[in-house]
Amino acid sequence: MTVMVIECLGFPLSYLKEDSYVYTTRNRIVRTNKDVRYFTLFTKYHATKYNYSFVGKKYWLPYKKINGHYFYYIGYGAYIKARNVSLINDLPQYSNGEKAMITMSGYPFTFDSKTKKIKNLTKKCKAGKYVVIDGLRQFTDSDGIYFMDTDQPVYARLKGTGHGTTGTYVDVAALRTKELYTFYSDPEEGSNPNYRINLVDINRLEDYYTDTKKKK
């Protein structure tokens, strides 16, 4: 699969790989607090403060919905599918929700990162059901969860459950590979040719908001 990158107003971009396509648009990315489908995260570098790479203020490049799909206008009557764009002005593009099928029935759980409390839910997610994922995270000893294996599992947050410090999670192993590998890449499995869109790293976001709050 060929991944696309976009230049806004001619700003330079780095290439993801040799067969990446680069497109140019005269549209601007703009700051937003809305729950837009596709967006980027940006924090200016400061030598004496914590820096969290692509975490911080939310920007988006306005898109257009056509027949249920989202597209970026690149001029001269041409559009490209937003979901296939991985970088905008050298910033990774994120999705606010990606659909995936549950292949292993199980019970999701709710975790509060402030109180470190876990609540196992009684409603089962049955195999064959589709869920929408809006973020990924791992748990550590500091979360009050102890793993025998140092290779900690990754959990997917169900969209609409991320309120404040809480979220409802399922193990990514329960998701169908076909959808999972479009937004998740296992570092132990090497290159993933199907990876095309990013989801928010919840661990990094929590660290960012915790430390910036301390500095105020």
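Some values worked out for this structure:
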item: Which numbered condition ARG204 misses (of (1) in a strand (DSSP E or B); (2) touching a residue at least 60 places away in the same chain (Cβ under 8 Å); (3) open to solvent by 80 Å² or more (accessible area, probe 1.4 Å)); result: (1)
item: In the stretch 154-186, the residues that are modelled with pLDDT of 90 or more, surrounded by fewer than 19 Cβ atoms within 10 Å (Cβ to Cβ), touching a strand residue (DSSP E or B) at 6+ places or on another chain (Cβ under 9 Å) and among the hydroxyl-bearing types (Ser, Thr, Tyr); result: THR161
item: Selection count where residues are under 26 Å from GLY160 (Cβ atoms) and either touching a Gly at 6+ places or on another chain (Cβ under 8 Å) or at pLDDT below 80 (or both), scope the stretch 187-201; result: 3
item: Options LEU16, LEU87; residue that is surrounded by 15 or more Cβ atoms within 10 Å (Cβ to Cβ), under 22 Å from PHE183 (Cβ atoms) and at pLDDT below 65; result: LEU16
item: Among residues of the stretch 119-153, those that are over 23 Å from the mean Cα position of the chain (by Cα), surrounded by 11 or more Cβ atoms within 10 Å (Cβ to Cβ) and modelled with pLDDT of 85 or more, counted; result: 4
item: Selection status of PHE42, modelled with pLDDT of 50 or more, within 12 Å of ASN89 (Cα to Cα) and open to solvent by 60 Å² or more (accessible area, probe 1.4 Å); result: yes
item: Enumerated strands (runs of 3 or more DSSP E) restricted to the stretch 79-139, each holding at least 1 residues that are among the small types (Gly, Ala, Ser); result: 85-88, 98-101, 130-137
item: Cross-chain or 6+ apart pairs with Cβ under 9 Å, the stretch 154-180 first and over 13 Å from ILE133 (Cα atoms), then among the small types (Gly, Ala, Ser) and at pLDDT 90 or above; result: LYS178/ALA100
item: Qualifying residue in the stretch 74-84 (condition: within 12 Å of VAL170 (Cβ to Cβ), over 21 Å from the mean Cα position of the chain (by Cα), aromatic (Phe, Trp, Tyr) and at pLDDT 85 or above); result: no
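The values are calculated or read from the model by the stated rules, or taken from the named source; none is laboratory data. Predicted model only: the values in this text are computed from it and were never measured. Virtual Cβ from ideal backbone geometry, glycine too; neighbours counted across all protein chains shown. To get the accessible areas, we keep the full protein, side chains included, count just its heavy atoms, and leave off ligands, DNA and RNA. Shrake-Rupley method; radii C 1.70, N 1.55, O 1.52, S 1.80 Å.
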